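The values are calculated or read from the model by the stated rules, or taken from the named source; none is laboratory data. Since the structure is predicted, the reported quantities are computational estimates derived from the model, not experimental observations. Cβ: placed from backbone, ideal geometry, glycine included. Neighbour counts: every protein chain shown. In case anyone asks, the SASA skips ligands and DNA or RNA and just uses the protein heavy atoms, side chains included. Shrake-Rupley method; radii C 1.70, N 1.55, O 1.52, S 1.80 Å.
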Amino acid sequence: MIQLLVGLGNPGPEHALDRHNAGFWFVDQIATAVGVSLKSERGFFGDVARVRLHGHELWLLEPSTYMNRSGQSVGALARFYKIAPEHILVAHDELDLPPGQAKLKLGGGHAGHNGLRDLIAHLGTPNFWRLRIGIGHPGDRSAVVGFVLGKPPQSELTLIEHAMEQAQAVLPSLLKGEFEAAMMQLHRGNRPVPAKPQTKGRPTAGNPETGQTD
C-alpha cells in the first residue's frame with residue numbers, strides 16, 4: 001500500500017505555473033480535497049502533511065529543495081518513518097506522455113528527469129511507484145529545459161487537470177495496495193478529452209525548480 005505521496009517540483013512563486021511542477025499540482029489537489037495545508041518541516045527539507053484518505057493514513061510531501069535535490073527530502077522522511085520505497089508514490093511531470101494522459105509505473109530508470117535521478121540515489125533503489133503526468137515534449141531535446149520551466153497554454157492545462165482527476169480516482173485502490181486494479185483503471189481512462197472552459201490561474205497549486213533537465 002502507499003504510505004507516502006510525493007509531488008516533485010520547484011519551490012517559489014516564480015515556478016508555481018511551470019509544467020515541471022505538475023507533481024506539486026497533484027499533491028496540492030489532494031491536500032485541498034481533504035482540507036489540509038502542508039507545513040514546512042526543516043528536518044524533512046519540505047512541506048509536509050499527514051492525512052487520512054479513504055480510510056488510510058498517508059503522508060503528503062513537497063520537497064522545498066530544487067528538483068535535482070528532491071531525494072534529500074524524500075529520503076529523510078522515508079527513513080524517519082521507516083517507509084519502504086515500494087510504499088512511496090512519486091507524482092512527476094512526464095515528457096514522454098501527452099497532456100491528458102497519466103500512467104502508473106513501479107521502478108525503471110530516470111529518463112533524464114533530475115528529480116527521479118536524485119530520488120534513486122538517495123533511496124538506493126529505483127523501485128518506488130511513479131505517477132507520470134503527461135506534459136508533452138517540445139520536439140527538440142535542446143528545448144526541453146525551457147519547455148518544462150514554462151507555463152502550459154490553457155488548452156494543455158485543461159488536459160493535464162483531466163489526467164490528474166483520473167489519477168485521483170484510483171487513489172483508493174493504491175492506498176489498499178491494489179496496484180494492478182489501479183493501473184488498469186487509470187490507463188483505461190487515458191483517452192483524449194475535449195477542452196473545456198477553465199478557471200484562470202494554476203491547476204490547483206504547485207511549486208517548482210531551477211536547473212532541472214530533460
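Observations on the structure shown:
- Amide N of segment 100-136 lying under 19 Å from the label point, which is placed 7 angstrom from the Cα of residue 180 along Cα→Cβ: 104-107, 129-130
- Computed from phi, the 3J(HN,Hα) profile of segment 61-66 under the Karplus parametrisation 6.51, -1.76, 1.60 (θ = phi - 60°) reads 9, 10, x, 9, 6, 6 Hz, with x in place of Gly and Pro.
- Note on residue 39 and residue 154: with the Förster distance fixed at 30 Å, the Cβ-Cβ geometry gives a FRET efficiency of about 0.45.
- The residues packed around residue 175, meaning those with a beta-carbon under 12 Å from its beta-carbon, carry a net charge of 0 if Lys and Arg are +1 and Asp and Glu are -1.
- The value of relative contact order for the chain, using C-alpha pairs under 8 Å at least six residues apart, is 32 percent.
- Pair-distance distribution of segment 127-170: all C-alpha pairs, bin width 5 Å, starting at 0; shares per bin in whole percent are 5, 19, 23, 20, 18, 11, 3, 0.
- Of the listed residues 59, 25, the order by accessible area with a 1.4 Å probe, largest first, is 59, 25.
- Rounded to the nearest 20 debye, the dipole magnitude of segment 29-153 is 200 debye, with +1 charges on Lys and Arg beta carbons, -1 on Asp and Glu beta carbons, and the Cα centre as origin.
- All Cα pairs of the chain, percent lying beyond 23 Å: 38
- Computed log₁₀ I(q)/I(0) - Debye formula, equal Cα scatterers, no solvent, segment 76-154, q 0.15 Å⁻¹: -0.58
- Among complete DSSP H helices in the chain, those whose alpha-carbon atoms stretch at least 15 Å along the helix's long axis and whose mean Kyte-Doolittle hydropathy reaches -1.0 are 22-34, 70-80, 154-169.
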